[in-house]
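Only one structure is covered here, and it is reproduced in the block below.
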Amino acid sequence: MPPDATTEGAQLVLVFGSVARFDQPGFADGLAAAFPGAVLAGCSTAGEIVGDGVLDESCTVTAIRFTRATIAVAEADIGSADESQPAGEALGRALAALPDLSGVLLFARGVAVNGSALIDGLVSCLPAGIPVSGGLAGDGGAFTRTLVLGPSGVSEGRAVAVGLRGAGLRFGLGSVGGWEPFGPARKVTRSVGNRLLELDGEPALNVYKRYLGDYARDLPASGLLFPFELLNGNHDSVGLIRTILGIDEAAGGLILAGTVEEGFYLRLMHASTDGLVDGAEQAGAIAAADHGAAGHPADGGAEPQSLALLVSCVGRKLVMGDRVEEEVQAVADRLGPGVVLTGFYSYGEIGPMRDLVDCRLHNQTMTVALLTER
């Protein structure tokens with residue numbers, strides 16, 4: 001596709017699509033030809049978000065042009081989960097020295113990665129208070145092979161960080177789950193990275209299977225429907241949810257999408273579609289309030305020419321089924337008509353904690369990043 005009046009001048013192009021689309025011959029080269037000079041960034045997904053709808057096995061392209069802001073990009077290879085933190089640190093160092101760094105969008109492989117360590121590495125090298133959003137790639141729920149797009153093309157083992165530069169850029173971030181806890185809190189008595197081995201001194205897999213009952217037959221797939229809520233020593237929620245990605249029968253353990261530390265507590269969660277939709281609407285409201293927008297169509301909504309990046313979890317999509325578009329529509333309604341929505345269903349969402357400052361890896365949330373150039 002040759003460039004035309006609608007594509008020329010784009011500085012950043014966000015691309016989200018299925019693995020099959022990313023695998024097409026000449027995929028990256030075709031995008032580069034269509035958007036000459038633009039930074040390409042994105043990933044494969046478990047579903048694509050565009051407007052107020054959700055697509056599958058498609059490819060969405062969002063071209064962005066700023067008035068004064070500029071774009072920088074860094075890439076780092078992640079050959080295995082153990083390389084996650086060094087990769088994050090390399091990305092952070094590459095962007096930290098840039099003047100007027102206002103925010104970072106991060107996209108990374110969704111399997112064979114420790115998303116918590118990747119984000120910790122990135123944030124540890126950035127100036128304090130820089131907002132970070134994004135997500136881990138998906139592959140339609142197969143959890144076997146995910147892809148990331150960056151200036152170097154398409155890769156199975158990479159993370160791409162886009163640095164947004166400019167004093168006029170304004171961010172608003174929100175991340176909410178909408179899941180309901182059930183059962184008692186259990187102490188993490190043994191864990192290694194993202195491997196949960198013991199709860200209250202008992203093999204974690206045994207505890208989990210006992211609570212799941214008949215659903216245990218479908219592990220690890222059914223683990224997406226029953227994530228853990230992370231609690232502190234007082235059994236208060238710390239605002240993080242952890243999804244089960246796999247099981248280790250030999251060790252009696254669970255493989256989680258993010259790190260859990262010994263001494264913390266976990267409690268099982270479940271959800272209804274209505275609860276998840278309400279959570280998505282709250283995420284949009286928090287992002288609008290953090291951004292400084294009125295946050296509701298009746299109040300004028302967010303400013304014209306705003307962009308909202310929505311990253312939601314594949315587990316939410318499985319729970320909601322045919323009603324999955326309702327959570328996207330809830331965010332769209334909350335932000336108002338002046339906002340362009342794009343995004344994807346992920347294997348991990350990157351966004352703020354409840355203080356809207358610290359960035360962490362989330363699971364099972366709707367995460368909204370609202371961006372405007374003033």
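The values are calculated or read from the model by the stated rules, or taken from the named source; none is laboratory data. Because the structure is predicted, anything quoted here is derived from the model rather than measured. Methodologically, a virtual Cβ is constructed for each residue, glycine included, from the backbone with ideal geometry; neighbour enumeration extends over all protein chains shown. Only protein heavy atoms, including side chains, enter the accessible area calculation; ligands, DNA and RNA are left aside. Shrake-Rupley method; radii C 1.70, N 1.55, O 1.52, S 1.80 Å.
Taken over the range 198-241, the criterion of being without any contact (Cβ under 8 Å) to a residue 60 or more places away in the chain, part of a strand (DSSP E or B) and either within 24 Å of residue 176 (Cα to Cα) or open to solvent by less than 20 Å² (accessible area, probe 1.4 Å) (or both) is satisfied by 228, 229, 230, 231, 237.
Condition check for residue 138 on (1) at pLDDT 95 or above; (2) surrounded by fewer than 23 Cβ atoms within 10 Å (Cβ to Cβ): one failure, at (2).
Residue check: residue 344 meets all listed conditions (1) under 19 Å from residue 138 (Cα atoms); (2) open to solvent by 10 Å² or more (accessible area, probe 1.4 Å); (3) not small (Gly, Ala, Ser) but one, namely (2).
Taking (1) surrounded by fewer than 24 Cβ atoms within 10 Å (Cβ to Cβ); (2) closer than 19 Å to residue 364 by Cα; (3) among the β-branched types (Val, Ile, Thr) in turn, residue 119 satisfies each apart from (1). If you filter the range 146-169 down to residues that are farther than 19 Å from residue 76 by Cβ and assigned to a loop (DSSP other than H, G, I, E, B), you find that the one that is modelled with the highest pLDDT is 166. If the condition is being loosely packed, with under 14 Cβ neighbours inside 10 Å and farther than 30 Å from residue 324 by Cα, then the range 24-64 contributes 25, 26, 29, 30, 33, 36, 37. For residue 42, the criteria (1) part of a loop (DSSP other than H, G, I, E, B); (2) at positive phi hold in every case but one, which is (1). Here residue 106 meets the list (1) at pLDDT 95 or above; (2) in a helix (DSSP H, G or I) almost entirely, failing just condition (2). When residue 6 is tested against the conditions (1) open to solvent by 70 Å² or more (accessible area, probe 1.4 Å); (2) farther than 27 Å from residue 328 by Cα; (3) modelled with pLDDT under 95, the lone failure is (2).
Can you find, within the range 273-283, the residue that is least open to solvent (accessible area, probe 1.4 Å) among those that are of a type outside the set (A, V, I, L, M) and under 17 Å from the mean Cα position of the chain (by Cα)?
The qualifying residue least open to solvent (accessible area, probe 1.4 Å) is 279.
Can you pull out the residues in the range 166-197 that are open to solvent by 30 Å² or more (accessible area, probe 1.4 Å), β-branched (Val, Ile, Thr) and touching a residue at least 12 places away in the same chain (Cβ under 8 Å)? Once the filter is applied, which keeps residues that are open to solvent by 30 Å² or more (accessible area, probe 1.4 Å), β-branched (Val, Ile, Thr) and touching a residue at least 12 places away in the same chain (Cβ under 8 Å), the range 166-197 yields only 189. Among residues of the range 242-272 being of a type in the set (D, E, K, R), under 23 Å from the mean Cα position of the chain (by Cα) and open to solvent by 10 Å² or more (accessible area, probe 1.4 Å), the one that is farthest from residue 182 (Cα to Cα) is 261.
Can you confirm whether residue 149 is over 26 Å from residue 328 (Cα atoms) and open to solvent by less than 10 Å² (accessible area, probe 1.4 Å)? No. Considering the range 331-344, and only residues there that are part of a helix (DSSP H, G or I) and closer than 25 Å to residue 15 by Cβ, the residue that is nearest to the chain's Cα centre (by Cα) turns out to be 331.
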